[in-house]
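Some notes on the structure that comes next.
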Amino acid sequence: MAKVALLNQMGQNVGEVELLDSVFGIEPNQQAVFDVVKATRAAMRQGTHQTKTRTDVRGGGRKPWKQKGTGRARSGSTRSPLWTGGGVVFGPHPRKYTLKVNRKVRRLALKSVLSSKVAEESFKVIDKIELENVKTKGMVEVLSNLNLTGKVAFVLTENNENVAMAARNIPNVTVTTVSHVSVYELMNFNTIVVTADAAKKYEEVLG
């Protein structure tokens with residue numbers, strides 16, 4: 001088992017935490033991560049794009065000119081895709097972009113990202129995080145105590161309104177929970193800070 005220092009929100013080392021190798025110490029599977037991220041990004045697409053075909057545009061009920069004898073190319077409708085104001089050929093129409101990813105692949109991708117963060121020493125464990133009131137200043141102090149820079153995610157077991165409200169005005173800082181954070185989001189952060197209970201939750205779910 002890998003051992004990681006257990007910190008408090010003052011930045012002090014208060015012990016060690018043993019992390020399961022089956023969750024936090026596997027060989028990252030890049031294909032699984034790619035598949036899950038691709039599916040996540042595809043699910044973000046609304047798919048509400050729509051173009052009009054020649055049956056949807058207005059007009060074009062009468063043949064512009066007779067078939068023969070004018071010297072011009074034959075034409076049956078002014079709403080042909082060849083005409084200005086005509087319909088669109090092979091344009092996009094509403095559809096769903098969702099991709100299916102097996103549950104085992106999703107779990108493998110999550111373990112791969114967590115293991116990568118641990119290997120890169122971008123994974124910190126704190127005993128707990130508590131703020132007496134909803135003040136951005138309190139969250140800034142926690143970031144300073146832990147010496148955190150760049151994009152940071154605090155992963156908790158359940159919602160903490162004081163912590164979430166205190167962090168929402170700080171750029172590049174996100175407070176989330178084990179059940180809500182995705183592989184795509186975890187990859188986007190420079191540092192992941194989890195509580196000891198959240199680390200145990202990951203081991204229970206993925207171990």
ask   = Here are some conditions: (1) within 30 Å of N147 (Cα to Cα); (2) not assigned by TED's automatic domain parsing to the domain that holds I126. G69 meets all but one. Which one does it not meet?
value = (1)
key: Cβ-Cβ under 9 Å pairs, at least 6 apart or on other chains, segment 183-194 side in contact (Cβ under 8 Å) with a residue 60 or more places away in the chain and surrounded by 22 or more Cβ atoms within 10 Å (Cβ to Cβ), far side among the hydrophobic types (A, V, I, L, M, F, W, C) and part of a loop (DSSP other than H, G, I, E, B)   = I192/V181; V193/I129; V193/L146; V193/L148; V194/V178
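Among the residues of segment 7-21 satisfying the criterion of being touching a Leu at 6+ places or on another chain (Cβ under 8 Å) and of a type outside the set (V, I, T), which is nearest to K124 (Cα to Cα)?
Filtering segment 7-21 for residues that are touching a Leu at 6+ places or on another chain (Cβ under 8 Å) and of a type outside the set (V, I, T), the one nearest to K124 (Cα to Cα) comes out as L7.
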message = Which residue is farthest from R45 (Cα to Cα), if the candidates are limited to segment 83-97 and must be without any contact (Cβ under 8 Å) to a residue 40 or more places away in the chain and loosely packed, with under 10 Cβ neighbours inside 10 Å?
response = T84
key: Selection within segment 138-157 - among the small types (G, A, S) and over 18 Å from Y202 (Cβ atoms)   = G138, S144, G150
query = Going through segment 1-35 one residue at a time, which ones are closer than 30 Å to M139 by Cβ and out of contact with any strand residue (DSSP E or B) (no Cβ under 7 Å at 6 or more places or on another chain)?
reply = M10, G11, Q12, L20, V23, V33
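Table: residues versus (1) among the hydrophobic types (A, V, I, L, M, F, W, C); (2) in the same structural domain as V14 (by TED's automatic domain parsing); (3) under 18 Å from V4 (Cβ atoms).
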residue	(1), (2), (3)
F123	yes, yes, yes
V134	yes, yes, no
N145	no, yes, yes
G150	no, yes, no
A153	yes, yes, yes
E158	no, yes, no
P171	no, yes, no
Y184	no, yes, no
V194	yes, yes, yes
remark   = Over segment 182-199, the set of residues in a helix (DSSP H, G or I), closer than 16 Å to V23 by Cα and either small (G, A, S) or in contact with a strand residue (DSSP E or B) (Cβ under 9 Å, 6 or more places away or on another chain) (or both) is L186, A196, D197, A198, A199
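Collect the residues in segment 21-72 that are part of a loop (DSSP other than H, G, I, E, B) and touching a Phe, Trp or Tyr at 6+ places or on another chain (Cβ under 7 Å), keeping them in residue-number order.
The answer is R45, G47, R72.
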query = Can you find even one residue in segment 159-171 that is surrounded by 15 or more Cβ atoms within 10 Å (Cβ to Cβ), in contact (Cβ under 8 Å) with a residue 24 or more places away in the chain and within 23 Å of E27 (Cβ to Cβ)?
reply = no
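The values are calculated or read from the model by the stated rules, or taken from the named source; none is laboratory data. Computed from a predicted model, the values in this text were never measured in an experiment. With ideal geometry, Cβ positions are generated from the backbone for all residues, glycine too; neighbour counts draw on all protein chains shown.
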